[in-house]
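**Student:** Before I ask anything, here is the structure I am working with.
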Amino acid sequence: MMLAPGSRIGILGGGQLGRMLAMAAARLGFDVSIYNDAPDGPASRVASESHVGAFDDLDALRDFAASVDLVKVEFENVPAATAAFLASLGPLIRPGPLALATAQDRLLEKRFFNESGVPTVAFAPIAARADLEAAFSALGAGILKTRRNGYDGRGQIRIREASDVGAAFDALGGAPAIYEQLAPFEREASLIAARTADGAFAAFDLCENIHEDGILRRTVCPAMAPADVASRAVEAVRAIAERLDYVGVLCVEFFLMPGGVLLANEMAPRVHNSGHWTEAGAQTCQFEQHIRAVAGWPLGATTRLARVEMENLLGADVGSWRSLAEQSNVRLHLYGKRTMREGRKMGHFTRIWPR
Ligand SMILES: Nc1ncnc2c1ncn2[C@@H]1O[C@H](COP(=O)(O)OP(=O)(O)O)[C@@H](O)[C@H]1O
Ligand SMILES: [Mg+2]
């Protein structure tokens, strides 16, 4: 069923992703309601309606869901009880509970990738100190990560030698964790794709990501990767999306290893920072694609129109808006955040070159 223009799309979460989704939805003639736990967020200021409530306030969530034709969850760390509650209200909740539960837990996520035929680094579940000692002996140097609630490199500790194990385990305060073997990757890449309820699938071009201090700094598209690596990435994401029976846009991050080996790192069941270039460099942007998929519309063309380089404006970087605004091949996007903090994503810009 195609949701008609004039319908109301509800978005859970009020940050920059919600803002950009709301803008894309408005362009297709939808009304947008935002539900967020704080007033005056970036998304609320471009939406026609805004609800403020806690993400575990089930009464407020029920009222919100009743006021819209479809609910879209903008961030994957929504409490599990909230996701289950929303799913119990009806089928028009995206992403569904399986995709949310999988993306919320690094251990389930990596197992899910492997079950989908997609390789990852070697890993082990960590519940006790002895698990970490055994995992370090088996896998060598690696990264201890909390299973849940990590993002932008938070909740991660590198382990280089056996003497690091005790302190690393203590640092996570007993939270359920995963130990991952260190991947000596050549590059990091991500692939953004969309799937509809009918099973139609379309991927954007593979892009390359440069992180600094665990935070995405730049994305370059296309990635410097052989065509067969790029097509394996597409097939990997297709397999994951199929197995999740996924509807909407999803992003999978990869490590490009020596010898053309491709390992999946993590996924986001939503639009992703590494796909912001699509608003300037693709025929359909990831935000519109997401709205199209969840609204039951046909997917838009994912054709890349230019060579692009997207850079995040983190913290004080946002002060360069004047000079960016003067550059003819730059597309500037500011999120309207009221306060600036070091490392906070304040905006991004995309440089565009002819193909
Ligand atoms: N197993 C690994 N081997 C090498 N580098 C890693 C590994 N896991 C994560 N990293 C590095 O840390 C970054 C952040 O880790 P990631 O698992 O993507 O968590 P986040 O949710 O914080 O993005 C990755 O982009 C990569 O640069
Ligand atoms: Mg990541």
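Rundown of residues vs (1) more than 13 Å from ligand 2 (Cβ to nearest atom); (2) of a type in the set (A, V, I, L, M); (3) under 20 Å from residue 153 (Cβ atoms), yes/no style:
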residue	(1), (2), (3)
258	yes, no, no
267	no, yes, yes
282	yes, yes, no
285	yes, no, no
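**Student:** Name the single residue that is farthest from the chain's Cα centre (by Cα) among those in segment 257-267 being surrounded by fewer than 24 Cβ atoms within 10 Å (Cβ to Cβ) and within 16 Å of ligand 1 (Cβ to nearest atom).
**Tutor:** 258
**Student:** Oh, and also: Taking the condition touching a helix residue (DSSP H, G or I) at 6+ places or on another chain (Cβ under 6 Å), part of a strand (DSSP E or B), open to solvent by less than 70 Å² (accessible area, probe 1.4 Å) and not charged (D, E, K, R), does residue 313 pass?
**Tutor:** Criteria not met by residue 313.
**Student:** Given the conditions (1) within 21 Å of the chain's Cα centre (by Cα); (2) assigned to a helix (DSSP H, G or I); (3) in contact (Cβ under 8 Å) with a residue 40 or more places away in the chain, report the number of the one that residue 136 does not fulfil.
**Tutor:** Here residue 136 meets the rest and fails (1).
**Student:** Mind listing whichever residues of segment 1-41 are part of a strand (DSSP E or B) and open to solvent by 30 Å² or more (accessible area, probe 1.4 Å)?
**Tutor:** Those that are part of a strand (DSSP E or B) and open to solvent by 30 Å² or more (accessible area, probe 1.4 Å): 8, 31.
**Student:** Related question: Within segment 245-265, count every residue that is under 30 Å from residue 70 (Cβ atoms) and among the hydrophobic types (A, V, I, L, M, F, W, C).
**Tutor:** The qualifying residues number 6.
**Student:** So, one more: I'd like the full set of residues that are more than 17 Å from the chain's Cα centre (by Cα) and either more than 23 Å from residue 74 (Cα to Cα) or among the hydroxyl-bearing types (Ser, Thr, Tyr) (or both), limited to segment 268-300. Outline the logic, then answer.
**Tutor:** Within segment 268-300, the first condition is being more than 17 Å from the chain's Cα centre (by Cα), and the residues that meet it are 280-284, 292, 295-300.
Hit for segment 268-300 is 284, nothing else.
For every residue, the table says whether it meets (1) within 16 Å of ligand 2 (Cβ to nearest atom); (2) over 29 Å from residue 78 (Cα atoms); (3) surrounded by 14 or more Cβ atoms within 10 Å (Cβ to Cβ); (4) modelled with pLDDT under 95.
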position: 125; (1), (2), (3), (4): no, no, yes, no
position: 131; (1), (2), (3), (4): no, no, yes, no
position: 137; (1), (2), (3), (4): no, yes, no, no
position: 144; (1), (2), (3), (4): yes, no, yes, no
position: 148; (1), (2), (3), (4): yes, no, yes, yes
position: 152; (1), (2), (3), (4): yes, no, yes, yes
position: 155; (1), (2), (3), (4): yes, no, yes, yes
position: 161; (1), (2), (3), (4): no, yes, no, no
position: 173; (1), (2), (3), (4): no, no, no, yes
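**Student:** With (1) exposed (fewer than 15 other Cβ atoms within 10 Å of the Cβ); (2) free of Cβ contacts under 8 Å to residues at least 40 places away in the same chain; (3) not basic (Lys, Arg) as the list, and residue 284 as the residue in question, which single condition is left unmet?
**Tutor:** (1)
The values are calculated or read from the model by the stated rules, or taken from the named source; none is laboratory data. If you're wondering where the values come from, they're calculated on a predicted model, not measured in any experiment. We place every Cβ from the backbone using ideal geometry, glycine too, and count neighbours over all the protein chains shown. Just the protein is used for accessible areas: all its heavy atoms, side chains included, with ligands, DNA and RNA removed. Shrake-Rupley method; radii C 1.70, N 1.55, O 1.52, S 1.80 Å.
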